[in-house]
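Remarks on the structure that follows.
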Amino acid sequence: MTAVQTLAGGPHLEQIRRLVTEVPGPRSRELAARRSAALPAGLASAAPVYAAAAGGGVLVDVDGNSFIDLGSGIAVTTVGNSAPRVVERASRQLEKFTHTCFLATPYEPYIEVAEALNRLTPGDHEKRTALFNTGSEALENAVKYARAATGRPAVVTFDHAFHGRTLLTMSMTAKNQPYKSTFGPFAPEVYRAPMAYPYRWPSGAEHATNEAFAQFELLVDSQVGADNVACVVVEPIQGEGGFIVPADGFLRKVADFCRARGILVVADEVQTGIARTGAWFACEHEGLVPDLITSAKGLAGGLPLAAVTGRADVMDAAHAGGIGGTYSGNPASCEAALGVLETIEAEGLLTRAQLIGDFMVRELRDIAAQTPVIGEVRGRGAMIAAELVIPGSRTPNREAVAQITRFCQLHGVLTLSAGTYGNVLRFLPPLSISDALLADAFAVLRDAFAAL
């Protein structure tokens, strides 16, 4: 084994940006060649390097290059990769048993995770939680619960939404490329309303709340029929859509409207939940108490686990045996999730998320003052984005995102893109990242913008 292959992961890695080969290096290129012969072309990756170890705020590739990680595996390793409490609890569980299927022979860690989520999600009403494997599964099952509880078929989602890649969640997703193209026909009874997207609202941000709500109201009452709508599904901050924070007051108006008509509100917190925005759940920033909340990504520190948490009467509406899955609530994943929740509380990561976000916003706004390519900086907590435009306009600038992403990769920083138009840089650093690493990463980002 090479020295790189024997690297310990987690926080024991040296927390430094360091390039020892070109990017990608020879070992990554070798793996890319093997990949092209073994994997289908539709499986694309954002970075051209292959991981060997990760932890704290860095990812080390198979060539020994150490990159600053500003993506967290798309908001998954929020507490850091291979975080000690996560590793310890999952490892201990793996020594006991790896699987029984909770539907066949249940176990305590599943119940512990459910109890924790019932406690942490907004609202003091009686709650229930069911566990699944992925965010898509959680959304599918949230809709099943809503339909069972209301006896209604229709689902309303929003422009710029992303909810998953299964048939129903792909139908609920707004963006065609790359998520929906060639994969239809899609699931019926899914309807889409405008999102109050302040930066791109046609008549100006100040009109976004009232005008978007008026169109939503018209859709539900006049086109679909409120009596046909089981639930409205919304991301409190739209993730893949470009970290869109809805115009102030819009979500509250939607929630009030839904309650008046017996429509359930489902908050898709797959990307925004579990401390990412400086609160346990992003809907807390809006003062919302949804009927159902879905969580996944950051929940189990990199192991597959998702959840639906909701009102007891809604969650109890599905018949016995109607909900489940072979691997849902895997015991090692449950223990990992308990490690994640312990880490957030013990290390004060809600506060840390806000501090990281404050730093990123200051840096990005300072860069924006020096270049007209940044149209808007937005987000909450450690979930911040910059929307890039053609200077002098609001025309999306996808090419600038590609250039900056490539520059950062070549200089040891891993970033992600997003947005309906592919013109948004999004930043999701692990909350375990050091101030020094974060400052170093944004120094590289400044150079990237200067190099445009």
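The values are calculated or read from the model by the stated rules, or taken from the named source; none is laboratory data. Model, not experiment: these values are computed from the prediction. In this analysis, Cβ positions are derived from the backbone assuming ideal geometry, glycine residues included, and neighbour counts consider all displayed protein chains.
Observations on the structure shown:
- Test: residue in the range 233-244 that is out of contact with any Phe, Trp or Tyr (no Cβ under 8 Å at 6 or more places or on another chain), at pLDDT 95 or above and either acidic (Asp, Glu) or in the same structural domain as ARG394 (by TED's automatic domain parsing) (or both): no
- Matching residues in the range 423-438 - criterion: being among the aliphatic types (A, V, I, L, M) and touching a residue at least 60 places away in the same chain (Cβ under 8 Å): VAL424, LEU428, LEU431, ILE433, ALA436, LEU437, LEU438
- Any hit, the range 361-372, residues being of a type outside the set (A, V, I, L, M) and over 21 Å from PHE449 (Cβ atoms): no
- TYR145 being on the phi < 0 side of the Ramachandran plot and touching a residue at least 40 places away in the same chain (Cβ under 8 Å): yes
- Hits in the range 148-171 - residues which are at positive phi and surrounded by fewer than 22 Cβ atoms within 10 Å (Cβ to Cβ): GLY151
- Test: residue in the range 111-120 that is modelled with pLDDT of 95 or more and part of a loop (DSSP other than H, G, I, E, B): no
- Counting only strands (runs of 3 or more DSSP E) that sit completely within the range 32-74, those holding 1 or more residues that are among the aliphatic types (A, V, I, L, M) and in contact with a helix residue (DSSP H, G or I) (Cβ under 6 Å, 6 or more places away or on another chain) correspond to 66-69.
- Residue match in the range 39-50 (condition: surrounded by fewer than 10 Cβ atoms within 10 Å (Cβ to Cβ) and either at pLDDT 95 or above or in contact with a strand residue (DSSP E or B) (Cβ under 7 Å, 6 or more places away or on another chain) (or both)): yes
- Residues located in the range 240-295, provided they are closer than 23 Å to THR77 by Cβ and part of a helix (DSSP H, G or I): ALA282, CYS283, GLU284, HIS285
- Subset of the range 280-303 (residues that are surrounded by fewer than 20 Cβ atoms within 10 Å (Cβ to Cβ) and either within 14 Å of the chain's Cα centre (by Cα) or not charged (D, E, K, R) (or both)): HIS285, GLY287, VAL289, LEU303
- Any chance ARG276 is crowded, with 24+ Cβ neighbours inside 10 Å, of a type in the set (Lys, Arg) and modelled with pLDDT of 95 or more: yes
- Exactly one residue out of PRO202, PRO194 is surrounded by fewer than 16 Cβ atoms within 10 Å (Cβ to Cβ), touching a helix residue (DSSP H, G or I) at 6+ places or on another chain (Cβ under 9 Å) and modelled with pLDDT of 95 or more: that is PRO202.
- Scanning the range 172-212 for residues being in contact (Cβ under 8 Å) with a residue 40 or more places away in the chain, among the basic types (Lys, Arg) and not in a helix (DSSP H, G or I) gives a total of 1.
- Residues that are under 21 Å from ALA138 (Cα atoms), assigned to a helix (DSSP H, G or I) and in contact (Cβ under 8 Å) with a residue 40 or more places away in the chain, drawn from the range 84-110: PRO109, TYR110
- Residues that are of a type in the set (Gly, Ala, Ser) and either surrounded by fewer than 24 Cβ atoms within 10 Å (Cβ to Cβ) or under 21 Å from ILE263 (Cα atoms) (or both) within the range 131-145 comprise SER136, ALA138, ALA142, listed in sequence order.
- Pick from the range 1-31, criterion on the phi < 0 side of the Ramachandran plot and in a helix (DSSP H, G or I), ranking: modelled with the lowest pLDDT: PRO11
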